[in-house]
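K.L.:
Take a look at the following structure, please.
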């Protein structure tokens, strides 16, 4: 499956970021990746149905929040921390603190 | 028209806040209120159709981002700045800076 091109850092739109973060599962993925560095789709999805999970990962990719790479048959996900920080300084730590409540 | 009870500060949910901010018009309302203090629905809505505008104001109210009061026949809106800051410190300034890009 081809993935749409990831937005470049300067193309990341704040409304897309907020939309991506408005879902509890996507917010959880972002927070876990911030804590763990990198994680596979499998590790993040738990027992959710694959079809809905794929959608969530795509929203996060297209919003510019995560990048993915293939490691063998496994898809690994990571937060685009530097890109987000460059584009919206301080936003990520706000988000992580907010969810910690 | 009765308005649903505004969420108390501790009830404000971050996903609801992000959902509210994921729309360009709602984000614009938040930024204008941050700059202007208080503004009427009329001043904020421009030439948008009233029905869609009402929806946007309701989303912002129910997310805990704005409060409204009646001044005669006019509805005045204000940001719940202290409540948001107490609940999610630093988030509002991040949002305002992000949109300034």
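K.L.:
As an exercise: evaluate residue A:98 against (1) within 13 Å of chain B (Cβ to nearest Cβ); (2) assigned to a helix (DSSP H, G or I); (3) crowded, with 19+ Cβ neighbours inside 10 Å; (4) within 15 Å of the chain's Cα centre (by Cα) and give the number of the one condition it does not meet.
P.N.:
Failing condition for residue A:98: (4).
K.L.:
Right, next: Could you check the range B:46-57 and list, in sequence order, the residues that are touching a residue at least 12 places away in the same chain (Cβ under 8 Å), out of contact with any strand residue (DSSP E or B) (no Cβ under 8 Å at 6 or more places or on another chain) and within 25 Å of residue B:97 (Cβ to Cβ)?
P.N.:
B:56
K.L.:
To continue, here is another question. Any residue at all in the range B:84-91 that's over 26 Å from residue A:88 (Cα atoms) and either in a helix (DSSP H, G or I) or modelled with pLDDT of 95 or more (or both)?
P.N.:
No, that holds for no residue.
K.L.:
When only residues in the range A:51-92 that are under 13 Å from residue A:33 (Cα atoms) and within 14 Å of chain B (Cβ to nearest Cβ) count, which is surrounded by the fewest Cβ atoms within 10 Å (Cβ to Cβ)?
P.N.:
Only one residue fits best here, namely A:92.
K.L.:
Then there is this: Can you pull out every residue in the range B:63-74 that is assigned to a strand (DSSP E or B), closer than 14 Å to residue B:29 by Cα and free of Cβ contacts under 8 Å to residues at least 60 places away in the same chain?
P.N.:
B:66
K.L.:
Looking only at the range B:21-40, how many residues end up being closer than 16 Å to residue B:78 by Cβ and out of contact with any strand residue (DSSP E or B) (no Cβ under 9 Å at 6 or more places or on another chain)? Write out each step before concluding.
P.N.:
To start, the set of residues in the range B:21-40 that are closer than 16 Å to residue B:78 by Cβ comprises B:26, B:28-40.
Keeping just the survivors that are out of contact with any strand residue (DSSP E or B) (no Cβ under 9 Å at 6 or more places or on another chain) gives B:26, B:28, B:31, B:35-36.
The total comes to 5.
K.L.:
Got a sec? Which of A:78, A:43, A:39 is farther than 30 Å from residue B:60 by Cα and either in a loop (DSSP other than H, G, I, E, B) or without any contact (Cβ under 8 Å) to a residue 12 or more places away in the chain (or both)?
P.N.:
Details: A:78 fails: either in a loop (DSSP other than H, G, I, E, B) or without any contact (Cβ under 8 Å) to a residue 12 or more places away in the chain (or both); A:39 fails: either in a loop (DSSP other than H, G, I, E, B) or without any contact (Cβ under 8 Å) to a residue 12 or more places away in the chain (or both).
Step by step, each of A:78, A:43, A:39 is checked, and only A:43 is farther than 30 Å from residue B:60 by Cα and either in a loop (DSSP other than H, G, I, E, B) or without any contact (Cβ under 8 Å) to a residue 12 or more places away in the chain (or both).
K.L.:
Quick one: is residue A:43 away from chain B (no Cβ under 14 Å) and out of contact with any strand residue (DSSP E or B) (no Cβ under 7 Å at 6 or more places or on another chain)? Spell out how you get there, then give the answer.
P.N.:
Values: away from chain B (no Cβ under 14 Å): yes; out of contact with any strand residue (DSSP E or B) (no Cβ under 7 Å at 6 or more places or on another chain): yes.
In short, yes.
K.L.:
Something else about it: Just checking, how many residues over the range B:9-24 are within 8 Å of another protein chain (Cβ to nearest Cβ) and either farther than 24 Å from residue B:45 by Cα or part of a loop (DSSP other than H, G, I, E, B) (or both)?
P.N.:
4
K.L.:
Of everything in the range A:13-53, what is touching a helix residue (DSSP H, G or I) at 6+ places or on another chain (Cβ under 8 Å) and farther than 19 Å from residue A:95 by Cβ? Give them in sequence order.
P.N.:
A:41, A:45, A:48, A:53
The values are calculated or read from the model by the stated rules, or taken from the named source; none is laboratory data. This one's a predicted model, so the numbers in the text were calculated from it and none came from an experiment. Reconstructed Cβ throughout: ideal geometry from the backbone, glycine too, with neighbour counts over all protein chains shown.
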